[in-house]
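The values are calculated or read from the model by the stated rules, or taken from the named source; none is laboratory data. These numbers were taken from a predicted model, which means no experiment stands behind them. Cβ atoms come from the backbone with ideal geometry, glycine included; neighbour counts cover every protein chain shown.
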Amino acid sequence: MNPPPASTSATTAALVAATAGWNVLQNRVLPRRAYVFANLGGSAAALGAARWLGLDAGALGITRHRGKTGLRSGGAAAAPIVIGILIAERSPLLRRFLRDERASGVTPRGLAFETAVRIPLGTAAFEEVLFRGLLLAWFRSRTSDVRAVTISSALFGLWHILPTWETMAGYAGGALRTRSAATAAAALSGAVVLTGVAGAGFAWLRLRSGSLFAPIVVHATVNAAGFVAAWRVARPPR
């Protein structure tokens, strides 16, 4: 049953607060080893909340008959981005932009875990269920598609403030965080804008394909490809 109109603002506030709380829990409280299991639970909680709010499988984009279309659309959208990452990795001018301190000490076994488990299940599936599933569907039920995409994408951008701050601590010896407040603010603002734009692209793909599987495939594939490229860039030359 859908909440009555009078409760729309309160429900929206509760969803945003729960999202922010989970973000803090994930980035400040839970140990790294709990990340995948916690976010699998988070995905289940998001789906449960959607059901309580009266958002059916069609609204979430998880109907079986649109699954194959979503997988095909996601694969087609991810392919040129992955090719671009591969080109950047092999370019002396571009490969430095792929450098990520988090990948420098990862073993081949750790790389397999990151790309096959942590990224697709812990990151991509959870974030897509939350932002392009629950939140996008909720806002679409209360406003226009354009506003729903804008709001959910803005929240997706803000979601990345804490993980970006942690990444900055490890990148280049934390120089981005210690150089100046303006530099740190610019880096954080850039991350919010870029991830917000990416979120809008994921939302567009979700609506165009009619399937949540499309943005999940793109999100997981691109993140995994980026991590592999960063791992290769971080390896010492032979």
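Of the residues making up the range 118-129, not a single one is surrounded by fewer than 20 Cβ atoms within 10 Å (Cβ to Cβ) and of a type in the set (Asp, Glu). All of Arg72, Arg90 fail the test of being touching a helix residue (DSSP H, G or I) at 6+ places or on another chain (Cβ under 9 Å), among the basic types (Lys, Arg) and either surrounded by 13 or more Cβ atoms within 10 Å (Cβ to Cβ) or over 23 Å from Glu166 (Cα atoms) (or both), apart from Arg72.
Sub-7 Å Cβ pairs linking a first residue in the range 204-231 that is touching a residue at least 24 places away in the same chain (Cβ under 8 Å) to a second residue that is outside any helix (DSSP H, G or I) and surrounded by fewer than 22 Cβ atoms within 10 Å (Cβ to Cβ), at least 6 apart or interchain, are Leu212/Ile62; Ala230/Arg99; Ala230/Asp100; Trp231/Val106, ordered by first then second residue.
If the condition is being at pLDDT 95 or above and surrounded by 14 or more Cβ atoms within 10 Å (Cβ to Cβ), then the range 93-112 contributes only Leu111. Restricting the first member to the range 75-100 and to residues that are outside any helix (DSSP H, G or I), and the second to residues that are modelled with pLDDT under 95, the beta-carbon pairs closer than 6 Å and six or more apart or on different chains are Arg99/Val233; Asp100/Ala230. The residues of the range 130-161 that are more than 25 Å from Leu188 (Cβ to Cβ), in a loop (DSSP other than H, G, I, E, B) and touching a residue at least 12 places away in the same chain (Cβ under 8 Å), listed by number, are Ser141, Arg142. Please name all residue pairs, on different chains or six or more residues apart, with Cβ atoms under 7 Å, provided the first residue is in the range 55-71 and is on the phi > 0 side of the Ramachandran plot and the second residue is among the hydrophobic types (A, V, I, L, M, F, W, C) and buried (at least 18 other Cβ atoms within 10 Å of the Cβ). Within 7 Å, the pairs are Gly61/Leu212. Residue by residue through the range 52-69, note down the ones that are of a type outside the set (A, V, I, L, M, F, W, C), surrounded by 13 or more Cβ atoms within 10 Å (Cβ to Cβ) and part of a helix (DSSP H, G or I). Scanning the range 52-69 gives Arg66, Gly67, Thr69.
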